[in-house]
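A.B. asks: Quick one: this structure, given as structure tokens, is what I'll be asking you about.
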Amino acid sequence: MRRLILILVPYAWLLALFLVPFLIVVKISLSDVALARPPYLPQLDLAAGWAGVKDFFQQLDFENFTFLTSDDLYWRAYLSSLRIALISTVLTLLIGYPVAYAMASAQPEWRPTLMMLVILPFWTSFLIRVYSWMGILSQNGVLNSFLLWTGVISEPLTIMNTEIAVYVGIVYTYLPFMILPIYATLEKLDVSLIEAAEDLGCSRASAFWLVTIPLSKPGIIAGCFLVFIPALGEFVIPSLLGGSGTLMIGKVLWEEFFNNRDWPVASAVAVVLLLILIIPIVLFQRNEQKNREAGK
């Protein structure tokens, strides 16, 4: 009974805070827009009995998903979001792995301090941190002023309202999510394995690529997921730093929900986005399970 209760608690949490809201979004995505409150039809009328339930399901359709395929705005937003999220994840990995490796290689007494420095940005509001980058990257901002003062450039660079600013904001914001899981993996790494590889003729660089990188694979994969998933649906950073020229699915969702008031289409966009995120996660979990079974 204790084991059953322990298992039911997280499942009840997922049921209440994920599955039920997701089913509501799916239902809205199969509805039709209406000038009412809420702005979609049909509405389930339990007072009408079984006939009302039957009529409710008969009115649901897939017209909103068909509409997504007919308008190139949506698939361009999906592709653009995938590209920006993927490039941002790679950049975050290239920056985060050396930082995590340096933290794991530091003296044990210095590691808590380094850990605190990594999570220090979380002590400040996310919105304030994004606004601060607006002041840094603007034409009259700190970066352009410094480059002009040093003579590196002769006129201010246009960084704001470009994809470069979006990459900067995403990498800065989600860098701790890449560093922490990689650091947790590298900290537990058995140093004797690297020493054994060097004793068998590997150079330090070869031992790093043949031993350290493969053994830190779980941390790398976890960090990539922690960065890629929220970056794909990011709204605040592309809106404030990317401007109107940056097309991402999070901005499209906002426009459909709050400007166009088309909740059914917005819900269909959200369902497709969630499916895009769930499919690779499920495939990865199945692959990991197969690897564990093969290892046994």
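The values are calculated or read from the model by the stated rules, or taken from the named source; none is laboratory data. Everything quoted here is computed from the prediction, not taken from an experiment. Note that we place each Cβ from the backbone using ideal geometry, even for glycine, and neighbour counts take in every protein chain shown.
A.B. asks: Can you pull out the residues in region 95-110 that are part of a helix (DSSP H, G or I) and surrounded by fewer than 10 Cβ atoms within 10 Å (Cβ to Cβ)?
C.D. replies: Residues satisfying the conditions are Pro108, Glu109.
Here is a yes/no grid of residues against (1) crowded, with 19+ Cβ neighbours inside 10 Å; (2) among the small types (Gly, Ala, Ser):
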position	(1), (2)
Val171	yes, no
Tyr174	yes, no
Ile179	yes, no
Leu189	no, no
Leu200	no, no
Ala205	no, yes
Ser216	yes, yes
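A.B. asks: Any residue at all in region 237-259 that's acidic (Asp, Glu) and surrounded by fewer than 18 Cβ atoms within 10 Å (Cβ to Cβ)?
C.D. replies: Yes, because at least one residue in region 237-259 is acidic (Asp, Glu) and surrounded by fewer than 18 Cβ atoms within 10 Å (Cβ to Cβ).
A.B. asks: If Glu234 passes every condition in (1) in contact with a Pro (Cβ under 7 Å, 6 or more places away or on another chain); (2) crowded, with 19+ Cβ neighbours inside 10 Å; (3) among the charged types (D, E, K, R) but one, which one does it miss?
C.D. replies: (1)
A.B. asks: Does region 225-235 include one or more residues that are touching a helix residue (DSSP H, G or I) at 6+ places or on another chain (Cβ under 8 Å), under 17 Å from Val25 (Cβ atoms), without any contact (Cβ under 8 Å) to a residue 40 or more places away in the chain and not β-branched (Val, Ile, Thr)?
C.D. replies: Scanning region 225-235, I find at least one residue that is touching a helix residue (DSSP H, G or I) at 6+ places or on another chain (Cβ under 8 Å), under 17 Å from Val25 (Cβ atoms), without any contact (Cβ under 8 Å) to a residue 40 or more places away in the chain and not β-branched (Val, Ile, Thr), so the answer is yes.
A.B. asks: Still on this structure, please answer the following. Would you pick out the residues in region 20-38 that are hydrophobic (A, V, I, L, M, F, W, C) and assigned to a helix (DSSP H, G or I)?
C.D. replies: Val20, Phe22, Leu23, Ile24, Val25, Val26, Ile28
A.B. asks: With respect to Phe284, is the statement that it is under 18 Å from Phe22 (Cα atoms), surrounded by 12 or more Cβ atoms within 10 Å (Cβ to Cβ) and among the aromatic types (Phe, Trp, Tyr) true?
C.D. replies: no
A.B. asks: Would you call Asn144 among the polar types (S, T, N, Q), loosely packed, with under 13 Cβ neighbours inside 10 Å, more than 23 Å from Met103 (Cβ to Cβ) and touching a residue at least 12 places away in the same chain (Cβ under 8 Å)?
C.D. replies: So Asn144 fails the test.
A.B. asks: A further question on this structure: Of everything in region 1-31, what is surrounded by 15 or more Cβ atoms within 10 Å (Cβ to Cβ) and more than 22 Å from the chain's Cα centre (by Cα)? Give them in sequence order.
C.D. replies: Lys27, Ile28, Ser29, Leu30, Ser31 - these are the residues of region 1-31 that are surrounded by 15 or more Cβ atoms within 10 Å (Cβ to Cβ) and more than 22 Å from the chain's Cα centre (by Cα).
A.B. asks: Return the only residue of Ala77, Ala47 being aliphatic (A, V, I, L, M), outside any loop (DSSP other than H, G, I, E, B), at pLDDT 90 or above and out of contact with any strand residue (DSSP E or B) (no Cβ under 6 Å at 6 or more places or on another chain).
C.D. replies: Ala77
A.B. asks: Check every one of the helices (runs of 4 or more DSSP H) wholly within region 111-207 and list those with 3 or more residues that are among the β-branched types (Val, Ile, Thr) and modelled with pLDDT of 90 or more.
C.D. replies: Once the helices (runs of 4 or more DSSP H) in region 111-207 are filtered for at least 3 residues that are among the β-branched types (Val, Ile, Thr) and modelled with pLDDT of 90 or more, what remains is 111-119, 126-137, 163-187.
A.B. asks: Here's something else I'd like to know. Sort out which residues of region 236-249 are touching a helix residue (DSSP H, G or I) at 6+ places or on another chain (Cβ under 7 Å), in a helix (DSSP H, G or I) and under 17 Å from Leu137 (Cβ atoms), and write them in order of number.
C.D. replies: Val236, Ile237, Pro238, Ser239, Leu240, Leu241, Gly242
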